[in-house]
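Taking it in order: structure first as structure tokens, then the write-up.
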Amino acid sequence: MLYLILVCFIALLVVGPSYWVKHTMEKYSEPADRYSFTGAQLARNLLDHANLPHIRVEVTESGDHYDPLEKVVRLTPDKFNGRSLTAITVAAHEVGHAIQDQDNYAPLALRTTLVQWAAPAEKLGAGILMLSPVIMAVSRSPAAGLLFLVGGILTLGSAALVHALTLPMELNASFARALPILERERYLIDGDLPHARRLLNAAAWTYVAASLMALLNVARWLAILRR
């Protein structure tokens with residue numbers, strides 16, 4: 001019974017943040033035309049006012065993010081073209097990262113470096129995962145299972161670690177950069193501020209929630225290897 005309770009608690013701890021982030025984003029995606037400007041238009045306006053005209057705003061299918069190497073704010077189509085509170089708030093959050101970059105915010109530089117290190121580790125892990133079944137079939141050694149585990153940790157664990165370590169940077173982008181601008185310039189409709197706070201909190205936790213789900217997959221692999 002105690003074991004079952006522990007498993008349920010861990011599952012809630014891992015799945016809960018992901019569900020909360022998704023639920024919060026979806027909740028404030030309606031009404032879809034709440035604002036007279038799109039997320040992309042707001043991002044462009046905020047960047048220009050922050051003396052960042054060289055930062056581009058692009059649409060992407062790879063998730064909302066700011067790329068400090070390419071100097072571009074990327075928004076998914078629903079945020080880029082959307083006029084909901086979610087679209088507006090997420091766009092402001094990503095511009096917050098661009099302002100961090102302008103200010104030489106050290107945690108952002110650290111995250112950029114960690115991401116560059118994590119990318120080769122993920123590729124190495126993917127290669128190991130592809131080869132490990134062949135090695136296990138040929139060698140038939142239990143030790144080959146450890147190779148599979150190493151590949152899984154490199155592929156999923158490295159990204160999870162990066163995002164978990166940089167949560168303070170995400171919170172800073174939301175509440176020290178984006179929110180003050182939204183308040184000061186009165187971009188938000190009256191009554192939307194408390195909801196924008198919830199959205200900015202969710203935006204900060206997006207990567208961490210995804211990382212927790214990745215760690216859950218690592219745990220599943222561990223369980224498979226123990227069988």
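The values are calculated or read from the model by the stated rules, or taken from the named source; none is laboratory data. What you see is a predicted model; the values in this text were computed from it and never measured. Neighbour counts are summed over all protein chains in view; Cβ atoms, including those assigned to glycine, are modelled from backbone coordinates with ideal geometry.
Observations
- Positions within segment 180-206 being polar (S, T, N, Q) and part of a loop (DSSP other than H, G, I, E, B), in sequence order: none
- Only one of the numbered conditions (1) assigned to a loop (DSSP other than H, G, I, E, B); (2) modelled with pLDDT under 95; (3) surrounded by 13 or more Cβ atoms within 10 Å (Cβ to Cβ) is not met by Gly127, and that is (1).
Rundown of residues vs (1) modelled with pLDDT of 90 or more; (2) within 15 Å of the chain's Cα centre (by Cα); (3) over 20 Å from Glu170 (Cα atoms); (4) assigned to a helix (DSSP H, G or I), yes/no style:
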| site | (1), (2), (3), (4) |
| --- | --- |
| Leu6 | no, no, yes, yes |
| Leu12 | no, no, yes, yes |
| Pro17 | no, yes, no, yes |
| Met25 | yes, yes, no, yes |
| Glu30 | yes, no, yes, no |
| Gln41 | yes, no, yes, yes |
| Leu47 | yes, no, no, yes |
| His54 | yes, no, yes, no |
| Gly63 | yes, yes, no, no |
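- Members of segment 73-119 that are buried (at least 20 other Cβ atoms within 10 Å of the Cβ) and among the basic types (Lys, Arg): Arg74, Lys79, Arg111
- Any chance Glu94 is modelled with pLDDT of 65 or more and either touching an Asp or Glu at 6+ places or on another chain (Cβ under 6 Å) or within 25 Å of Val59 (Cβ to Cβ) (or both): yes
- Subset of segment 31-66 (residues that are free of Cβ contacts under 8 Å to residues at least 24 places away in the same chain and closer than 14 Å to Gln102 by Cβ): Asp48, Pro53, His54
- Filter result (modelled with pLDDT of 80 or more and over 14 Å from Asp67 (Cα atoms)) within segment 106-120: Ala106, Pro107
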